[in-house]
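Trainee: Below you'll find the structure I mean.
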Amino acid sequence: MNLAAFSQGKGFFKESKLNGSLETNNQYYLNNKRGNILAPEKRFASNTYLTANYQYKGLRAGIQFEGYNQALQGFPTRYEGNKLVRRYIRYTNKKIDVHVGNFFEQFGNGLVFRAFEERSLGLDNNIDGLGIRYSPFQSLKIKAIWGRPRTFMERSPGEVIGGDLEWSPINREKDGNTQLLQLGTSYVKRFMRYYGADPKFPQQVEAFAARFNGQYNAFNFSGEWVHKSIEANFPNDYIKKKGLILFLKTGWQDPTNRMGVQLQFRRLENADFKGNFNSSDAVASINYTPALTRQHTNLLANIYPHSIQPIGEIGGMADFFIRFKKNTPLGGKYGTRIDINYSNYHALDSTRVTTGEGFISKRIIAFGKTKLFRDLNLIIDKRWTKDYKTLLTFINLFYNRTILQGGPYGDVRATLVVTDHYIKIKKKYQLRLNAEHMWVNSDERNWAGLLTEWSFPNGLSLFVSDMTNYQTYKMHYYNVGFALSKNKQRIQLSAGQQRAGLLCVGGICRFVPSYNGLSLNYTLNL
Amino acid sequence: MRVLLFLFLFTPLTLLAQEKLPAVVIKSIAGKELNTAVFQNSDVPLVISFWATWCKPCLQELDAFNDLTETWKKETPARIIAISIDDSRTASGIKKTAGLHDWSFEVFWDENQDLKRALNISLIPHTLVIDRNGVIVKRYTAYVPGNEEKILSLLKTL
């Protein structure tokens, strides 16, 4: 080999980058002692994800392999077998970004289009096709997509094509002051062939969105309006109805962070945009309309989470915080933080009709009589000494179980008090103690919960938790285990009877499905 | 079996490559776009921490960094960057959380998790330590109390 060729080869290796990851989540199921939770016939379940990405200058390529040796409980059973679910090539330079193969993308707030992955929830609707981002000037961004969304291990029978344009006429930042204005518009079309007997069935659904986003120093404001043509799908009982989404957000925050407020309003009407009109699964949606409520991280508050009603919902969320500085009467030696969050959602003010439209809702800004969900949270975060800190949380919620869980259950009213204690010992050891109680007027009545966790400087963490509906079924949902984190690797082994929800132990937070038995999780970054 | 074969082929190749921060578009809290290429040759070491408003250990880690800010300034020119992976469900809380905790470092937003994906991050918190040449020299998965001291010691050598 001549010297020039060798040096070229050396440069090639220097510029080449290869990385990857492995994540495997395994569970072994057991019957519980009382016999009211039965293990599935196949006791072992496993979800494994393996990714690899290669980069050479502006060129990138990658793959993702997934293996389900029976998907974990709580995941759709259509995740099965082993398959290469993602492969892509991407070229990026200063102005253009072209994606061929499987890719993720989002237009605006995601209300009209969002392809994304959230493994812990079993969501991945990546598009297999072509994605282009083009920016002729810094103030103008154009996006275009075409392809078929992923649905479980297959491709959706529906095809999606769309475009998005964003213009930033004002973009100034000086001396800590920001003035920003962005205007955007999106168009997305889904086509899926219909083989039924209805000659008027909408095979093609089009959605159009317009949005703005801005900031004027301490004030921020944004909004998006989405209009969707008639869409009939399985979750809306195949009514032939147009869709409408209205989203508004504004806020103000003191530049010295002493206090701030954020207000959000959203109205949904036939808002679920399906890549496959015959599927009720969340993964089959090509837009993203999440619950705009506080994401609870406690054991018990996750029992009654809001479940959005894309067919018709109106409401909003308000956030307020105030921070008392150090060395003030209310702040004490280390400062005090007060965080208040309120959300309230109703059904639309609507009238049922016998036409194929299902219902009509004439007034855009009108709350229906049916209350869906209300949630008030007050959190006081206080450090008492250098090594001791507490979080006191108060939650009051209303949960319309009849609608949100579907059945003649009635309403749930609950009040929850949580105390979280963090105690540091010799700077490197930490003891966390979390005690909770929830008063509930119906359903499984009152709950109590306790979690304790010890963290050691070598990356080891031991945890044990229990929650019980002590007035009714007297079930114990317990979890005991350890986690070990070492640089690029992490392993967690736990045993218990787990309810589904967001679990924050072992130095991380992740959504866990419900199970009874043993659980082993391992992640590695290569 | 296929997994093992893949790992066998894959691992030696990774040893050849020095991992750098990929160039991906992220956003400021206000929504202004920024390419992470600007961090690749920043002439100072970087600490990049991935977090979310609902992740208690992430907030603990970032608070620990914040408490050490004055010490860090005296001992290293390193820059701390916090990148939120909140989606539109909780994104309104990014600015509020940064304000509530009065963080003195820069906060950005990986809106559809493009950067998280490009770095193959599965769990948060996930923290990267990057040297002056833009090479990722250390990754920390999960927050272990005391990590901030280890990171500071490492930064002093970069």
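The values are calculated or read from the model by the stated rules, or taken from the named source; none is laboratory data. On a predicted model such as this, the values are computed, not experimentally measured, just so you know. Here the Cβ positions follow ideal geometry from the backbone for every residue, glycine too, while neighbour counts run over all protein chains shown.
Trainee: Tally the residues that are of a type in the set (Lys, Arg) and either closer than 16 Å to A:Phe324 by Cβ or surrounded by fewer than 19 Cβ atoms within 10 Å (Cβ to Cβ) (or both), restricting the search to the range A:243-272.
Mentor: 1
Trainee: Taking into account only those residues within the range B:50-77 that are more than 10 Å from every other protein chain (Cβ to nearest Cβ) and among the acidic types (Asp, Glu), which is surrounded by the most Cβ atoms within 10 Å (Cβ to Cβ)?
Mentor: In this case the residue turns out to be B:Glu75.
Trainee: Within the range B:18-34, take every residue that is more than 8 Å from every other protein chain (Cβ to nearest Cβ) and over 15 Å from the mean Cα position of the chain (by Cα) and give me the one that is nearest to B:Asn133 (Cα to Cα).
Mentor: Among them, the one singled out is B:Leu34.
Trainee: Still on this structure, I have one more. Residue by residue through the range B:53-64, note down the ones that are at pLDDT 95 or above and in contact with a helix residue (DSSP H, G or I) (Cβ under 6 Å, 6 or more places away or on another chain).
Mentor: Matches in the range B:53-64: B:Thr53 only.
Trainee: Same structure again: Checking the conditions here, which among B:Ile151, B:Ile85, B:Ile80, B:Ile136 is closer than 30 Å to A:Tyr54 by Cβ, aliphatic (A, V, I, L, M), in contact with a Leu (Cβ under 7 Å, 6 or more places away or on another chain) and more than 7 Å from every other protein chain (Cβ to nearest Cβ)?
Mentor: Criteria check complete, one pass: B:Ile136.
Trainee: Here's a follow-up. Would you confirm, using the coordinates I've provided, whether A:Ala500 is among the small types (Gly, Ala, Ser) and within 26 Å of the chain's Cα centre (by Cα)?
Mentor: yes
Trainee: Sort out for me the strands (runs of 3 or more DSSP E) sitting completely within the range A:297-391 that have 1 or more residues that are closer than 21 Å to A:Ile239 by Cα and under 21 Å from the mean Cα position of the chain (by Cα).
Mentor: A:312-324
Trainee: Test B:Gln40 against the criterion of being at pLDDT below 90 and more than 9 Å from chain A (Cβ to nearest Cβ), and give yes or no.
Mentor: So B:Gln40 passes the test.
Trainee: Within the range A:55-68, is there a residue that is assigned to a loop (DSSP other than H, G, I, E, B), touching a residue at least 24 places away in the same chain (Cβ under 8 Å) and farther than 17 Å from A:Gly275 by Cα?
Mentor: yes
Trainee: Got a number for residues in the range A:395-424 being closer than 23 Å to A:Leu378 by Cα, touching a residue at least 24 places away in the same chain (Cβ under 8 Å) and not basic (Lys, Arg)?
Mentor: Qualifying residue count, the range A:395-424: 17.
Trainee: Considering each of A:Arg510, A:Arg499 in turn, give the residue that is more than 14 Å from chain B (Cβ to nearest Cβ) and at pLDDT below 95.
Mentor: Of A:Arg510, A:Arg499, the one residue that is more than 14 Å from chain B (Cβ to nearest Cβ) and at pLDDT below 95 is A:Arg499.
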